[in-house]
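The values are calculated or read from the model by the stated rules, or taken from the named source; none is laboratory data. All figures in this text were calculated on a predicted structure; none of them were measured in a lab. Heads up, the Cβs are rebuilt from the backbone with ideal geometry, glycines too, and the neighbour counts pull from every protein chain shown. These accessible areas exclude ligands, DNA and RNA; they are computed on the full protein's heavy atoms, side chains included. Shrake-Rupley method; radii C 1.70, N 1.55, O 1.52, S 1.80 Å.
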Amino acid sequence: MIAISRIVNAFFRWEFNSCEMLVKGSEVYPIDYANACPDVALTSLHYYFPWAIKTLLKWVVFCLATGRQPGLDTDTRAYFDVSDQDGLDYGQKLERYLALANAYFAVDDYRDFCAAQLADLDQRVLDWASGPHFDRLIVDTVTSTYPEHEHERFIAHFRGLTGLWVRDESARLAGPVT
């Protein structure tokens, strides 16, 4: 899934895009890969909202700090060159496409940058998502989006869903239980 979404985004030079897919067993079915204006609203992403904001923040900081500019020319020739190689099976082509995508997105540099410069960001976002400012965001979002008679219900709903993310992220950051 990661490979396919990274390849699609690199191929089209999309820096900010949502790639929605269904997964059945080991098969991935794209259902919406070309969302020019991804919906990252709390009311849409709920559980995934803190993750999306954290991920977007990491990418923006990396791009600003390193001077990375998005590629505007789609330059798809390298992808078609891989496609045209008769001796490669799907897995081998996927590996080569992923290498092109990883180079475009500077994946190794990005990971190294995040490890060196943003090592505490996961914990900071977790603290934010479990704190009063995030709760205020939930309340303000619901009260400005939903009719008054639905406020209590949806505040509880989004608190519950993002609370699950806080629980899961806390467990992830705590590492494996030994």
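For Met21, list long-range residues whose amide hydrogen, built 1.01 Å from N in the peptide plane, is under 5 Å from its own amide hydrogen.
It is Ile31, by chain and number.
Rounded to the nearest 20 debye, what is the charge dipole size of the stretch 1-152 about its Cα centre when +1 sits on each Lys and Arg Cβ and -1 on each Asp and Glu Cβ? Don't skip to the end; give the middle numbers.
Details: 12 positive and 23 negative charges, 66 e Å.
The calculation lands at about 320 debye.
If you average the alpha carbon positions of the stretch 146-166 and of the stretch 16-31, how far apart do those two centres end up, in angstrom?
That distance is 27 Å.
Span-like helices, the chain: DSSP H, alpha-carbon axial extent 27 Å or more, mean Kyte-Doolittle -0.5 or greater, which ones?
Numbers: long enough: 151-174 (34 Å, -0.29).
Correct list, ordered by number: 151-174.
Let a ≥ b ≥ c be the square roots of the eigenvalues of the Cα gyration tensor of the stretch 73-178; is it rounded (a/c under 1.5), or, if not, prolate (a/b larger than b/c) or oblate? Working shown, then result.
Values: a/c = 2.84, a/b = 2.00, b/c = 1.42.
Cα axes put the stretch 73-178 in the prolate bin.
Counting helices only, and only those DSSP H runs with n ≥ 4, report the 222 nm mean residue ellipticity of the chain as the sum of -39,500 (n - 2.57) divided by its residues, in deg cm²/dmol to the nearest 500.
Details: 9 runs with 113 residues, N = 178.
One gets -20000 deg cm²/dmol as the mean residue ellipticity at 222 nm.
Rolling a 1.4 Å sphere over the protein heavy atoms, what is the accessible area per residue of the chain, to the nearest Å²?
Working: 11390 Å² over 178 residues.
Here the per-residue accessible area is 64 Å².
Running a GNM on the chain with Cα contacts under 10 Å, which residue among Glu15, Glu152, Glu27 ends up with the highest mean-square fluctuation?
Residue with maximal mean-square fluctuation among Glu15, Glu152, Glu27: Glu27.
Give me the three principal axis extents of the chain from the C-alpha atoms, as integers in angstrom, largest value leading.
Per principal axis, max minus min of the Cα coordinates gives 60, 40, 36 Å.
Work out, step by step, the length gained on full extension between Ser83 and Asp32: first 0.36 nm times the residue separation, then minus their alpha carbon distance; give nm to one decimal.
Values: separation 51, 0.36 × 51 = 18.36 nm, distance 2.27 nm.
Length gained, Ser83 through Asp32: 16.1 nm.
Return the carbon/sulfur percentage of the accessible area of the stretch 1-67, one whole number, probe 1.4 Å, all protein chains in place.
On the way: 2580 of 3950 Å².
Using a 1.4 Å probe with all protein chains present, the stretch 1-67 comes out at 65 percent carbon and sulfur.
Taking the chain as a Gaussian network, Cα atoms linked when under 10 Å apart, which of Trp59, Trp128, Trp51 shows the biggest mean-square fluctuation?
Trp128
Using Cα positions and a limit of under 14 Å, work out the aspartates and glutamates in reach of Lys54, with same-chain residues fewer than 8 apart set aside.
Excluding near neighbours in sequence, the set is Asp120, Asp122, Asp127, Glu169.
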